[in-house]
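Working notes, beginning with the structure itself.
The values are calculated or read from the model by the stated rules, or taken from the named source; none is laboratory data. Being a predicted model, the structure only gives us computed values, none of them experimental. Reconstructed Cβ throughout: ideal geometry from the backbone, glycine too, with neighbour counts over all protein chains shown. Ligands, DNA and RNA are excluded from the accessible area calculation, which covers all protein heavy atoms including side chains. Shrake-Rupley method; radii C 1.70, N 1.55, O 1.52, S 1.80 Å.
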2 protein chains.
Amino acid sequence: MKFIHTADWHLGKLVHGVYMTENQREVLEQFVQVVAEEQPDAVVIAGDLYDRSVPPTDAVELLDEILFKINVELNTPIVSIAGNHDSAERLSFGSSWYKHSQFYLTGKLTNTFNPIQINGVNFYLVPYAEPGVVRQILDDDSIHSHHDAMKALIGKMEETLNPNEPNVLVGHAFVLGGKTSDSERILSVGGSGCVGAELFEPFSYTALGHLHSPDAINHQRVKYSGSLLKYSFSEAKQNKSISIIEMDDIGQFKHRYRSLTPTHDMRELEGHLDELLDPGFYEKQRVHDYLKISLLDEGALIDPINKLRQVYPNVLHLERKIDMTDMKKKQSYNAMQGDKKTEIELFEEFYHEMTSAEFTDDKKAVMAEVIEKVLKEEGAK
Amino acid sequence: MKFIHTADWHLGKLVHGVYMTENQREVLEQFVQVVAEEQPDAVVIAGDLYDRSVPPTDAVELLDEILFKINVELNTPIVSIAGNHDSAERLSFGSSWYKHSQFYLTGKLTNTFNPIQINGVNFYLVPYAEPGVVRQILDDDSIHSHHDAMKALIGKMEETLNPNEPNVLVGHAFVLGGKTSDSERILSVGGSGCVGAELFEPFSYTALGHLHSPDAINHQRVKYSGSLLKYSFSEAKQNKSISIIEMDDIGQFKHRYRSLTPTHDMRELEGHLDELLDPGFYEKQRVHDYLKISLLDEGALIDPINKLRQVYPNVLHLERKIDMTDMKKKQSYNAMQGDKKTEIELFEEFYHEMTSAEFTDDKKAVMAEVIEKVLKEEGAK
């Protein structure tokens, strides 16, 4: 039995004010292509299909289109849950109909824990839910954290789970833990948001969503697929992929990654303005990528964002990287000097920072006149 | 072939700040009961399933539940379109899957005009669309009004429509017109929002949504079903119903109404406060109805809304009905008097309006002191 594990599509996501929908469409079309090639028995999407409870309409249309291609056109069963970014109720609409064509979508958690059976594998679906909701559904007042909630839910599943069959849990949670070998201890669960990986012991494989890196947890059988795309610059160095799992009838499996390649990558670029605007440099660059640019220049720069966007149209974020050690030294040096500069001297410094032109005597004369006039007016008040 | 025609459910509607969802649930459960009794071959819902593009989640859950009961549990085909209150894109999500079980939902208008065929009847679905959208879809620059748009769309349908078969158009529009006899002329279409009823001539029956009264148009073959419930006090006197149509194989049909009865009706009540609060009166009333109350009392009343709500918990709107002729007379009489009243005289009048107690000399003395103090302070400024 082969299935693909993906999660965190976040359709309708805005990154630094730019909608990712076109990028998402492109990568999802690649995804459909991978499904066509791999011909899996199921596609598992572990939550956060949308980025928010009321996504923009083009995200709604995109999801509809992609899921239809996978489920109906490629005749591939889909197993999916709501994540914390989805509206459980809105996502659930129509799910009773989808089952007809083996599209299993669980938006809201309920108190039935029957797995979806596909080609001999049992999929247990645990959509994201707040601990208070789980407390109410299970009528169990001892539930206070996400860890408690998951533990109680898995306890319910274990009542009927057959450990000799391949069992897969599909969940959306912040799972901490590592290799469950004897030499290592499970991280103690501090925040109520975290769930210990050891809870998933009864399952052959746990297909997680929530954390965006496929390396977020180092565990043999509990895994994140990672998000569809890079959704923040903190993810710029992560490899984005989907997971292909081939599982035998006792739940042992082979796991491999396949990557999807967006036309526009998201990455960071660092350098001096002149250097970045030099054709010798940028002609070797993928200039249409989504970029965070850190400028190393000191002193003032005139309108750097527009200059950069002429070369790199998708600069999403621009920052200056200024050596604060150096600045502090200068400041303290200036402070030590103790001498107060005249207005014309201050302006001259400013002029040199802002332009590369010479501050000629003519210019100095004009400015001196202006300053004199202003000072006179101030004195008159 | 028997079908039920309904429209304008407006799930998630707020009326005077009160959500109608519970009332809607109750009436829709009756509707499901009617479907079970009548066993129609189809249920037609002519738009405005929701009241707004992003309805509250309990409205989403209600629609899902009711449509599932009708379509899957009662195995009844559903034919439905988006109205101007629905979001075409959001409503469309999943519609490709619904077709599997003969739930035909058209949210967005497209340029394919093939009817849905159910038991020998052809249903042509025309979801609400702005004229500009139709102009673009048909690539026809002559479309400027809703009338133009509907005319062009029907023109497209006529290219393949077989007039010897029973053809039903399902639309959501503001249709004007009357009996299409020779002695009457079609109302000239003034506003671009209106569509002439004569356009629907090619159809055996036109199932409309948009106007909330089943009597909105007086036409043999072009009909509104009216809304599910009364949604404003201007509808208080309308009869709400659904239409049952039994059509033969050449498109001739019998039409009858069935009414649905909400526990809480919406109606207007008029009277003097004392009268409305008299058990002899209200014990004969359905006090839990949604009410607009018009009070006929003159003069000030103390907190009438809370007094009324103790008897009539669902007062949504309270107004005073004051004979303006009388008031004008009084005002002009006062104006003619020309005498300026003292502060204490003005207060005495106010006191008598607000209470039924006597304005004793003690009270007068206290008030006089206050007035004197205030006047003194004003003088000091």
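Laid out as a table, the results:
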quantity	calculated
Lone qualifier among A:L138, A:L176 - being of a type outside the set (V, I, T) and either farther than 14 Å from A:L199 by Cα or outside the structural domain of A:S92 (by TED's automatic domain parsing) (or both)	A:L138
Residue, modelled with the highest pLDDT, within the stretch B:317-352, restricted to residues that are open to solvent by 90 Å² or more (accessible area, probe 1.4 Å) and in a loop (DSSP other than H, G, I, E, B)	B:K321
Condition broken by A:Y98, with the remaining ones in (1) open to solvent by less than 20 Å² (accessible area, probe 1.4 Å); (2) within 14 Å of chain B (Cβ to nearest Cβ); (3) out of contact with any Gly (no Cβ under 9 Å at 6 or more places or on another chain) satisfied	(3)
Check on B:F68, aromatic (F, W, Y) and either more than 12 Å from every other protein chain (Cβ to nearest Cβ) or crowded, with 22+ Cβ neighbours inside 10 Å (or both)	no
Subset of the stretch B:107-122 (residues that are closer than 20 Å to B:T6 by Cβ and within 14 Å of chain A (Cβ to nearest Cβ))	B:G107
Filtered residue count, the stretch B:210-229, keeping only those that are buried (at least 24 other Cβ atoms within 10 Å of the Cβ) and either in the same structural domain as B:N314 (by TED's automatic domain parsing) or under 11 Å from the mean Cα position of the chain (by Cα) (or both)	4
Pair list, Cβ < 7 Å and 6+ apart or interchain, from the stretch B:110-130 residues that are among the small types (G, A, S) to residues that are part of a loop (DSSP other than H, G, I, E, B)	B:G120/B:M1; B:G120/B:P166; B:G120/B:D249; B:A129/B:L109
Residue within the stretch B:82-91 that is farther than 18 Å from B:H210 by Cα, within 14 Å of chain A (Cβ to nearest Cβ) and within 21 Å of the chain's Cα centre (by Cα) present	no
Any hit, the stretch A:48-65, residues being over 22 Å from A:D289 (Cβ atoms), open to solvent by 10 Å² or more (accessible area, probe 1.4 Å), more than 14 Å from chain B (Cβ to nearest Cβ) and not polar (S, T, N, Q)	no
The stretch B:87-109, residues that are within 22 Å of B:I143 (Cβ to Cβ) and either touching a residue at least 24 places away in the same chain (Cβ under 8 Å) or in contact with a Phe, Trp or Tyr (Cβ under 6 Å, 6 or more places away or on another chain) (or both)	B:A88, B:T106, B:G107, B:K108, B:L109
Count of residues meeting criterion [open to solvent by less than 20 Å² (accessible area, probe 1.4 Å) and touching a residue at least 40 places away in the same chain (Cβ under 8 Å)] in the stretch A:234-247	6
Residues being part of a loop (DSSP other than H, G, I, E, B), within 20 Å of B:G209 (Cα to Cα) and open to solvent by 30 Å² or more (accessible area, probe 1.4 Å) - total across the stretch B:103-137	6
A:S96 being more than 24 Å from B:P56 (Cβ to Cβ) and modelled with pLDDT under 95	no
Positions within the stretch A:142-186 being at pLDDT below 90, in a loop (DSSP other than H, G, I, E, B) and closer than 28 Å to A:H85 by Cβ, in sequence order	A:G177, A:G178, A:I186
Test: residue in the stretch A:21-28 that is within 11 Å of another protein chain (Cβ to nearest Cβ), over 24 Å from A:Q252 (Cα atoms) and either open to solvent by 30 Å² or more (accessible area, probe 1.4 Å) or touching an Asp or Glu at 6+ places or on another chain (Cβ under 7 Å) (or both)	no
